[in-house]
Amino acid sequence: MPKATTAGPLSTPAVSPRLLATALGVVTLMLLLTYLVAFDQGAVSQSGMFLHELMHDGRHLLGVPCH
């Protein structure tokens, strides 16, 4: 009678899960920052005009058309 063997992983992952989670977090933060600077026209800003003006200046700095 043949012996039963347990199946192990076929291959090891090329990227560690921790590195993948960190990269995903960085990409998410960069997309959020890009949205706030390039496309948000003050809809997210609840702190008055300061954040809106800061992002508006950021648009000019990055060359994103805003007017």
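The values are calculated or read from the model by the stated rules, or taken from the named source; none is laboratory data. In this text the structure is predicted, and so the values were computed from the model without any measurement. Cβ: placed from backbone, ideal geometry, glycine included. Neighbour counts: every protein chain shown.
Just a few scattered comments:
- Just one of the numbered conditions (1) within 21 Å of the chain's Cα centre (by Cα); (2) among the aliphatic types (A, V, I, L, M); (3) exposed (fewer than 10 other Cβ atoms within 10 Å of the Cβ); (4) at pLDDT below 75 is not true of MET1: (1).
- Residue ID - modelled with the lowest pLDDT, chosen from residues in region 9-55 that are charged (D, E, K, R) and within 19 Å of the chain's Cα centre (by Cα): ASP40
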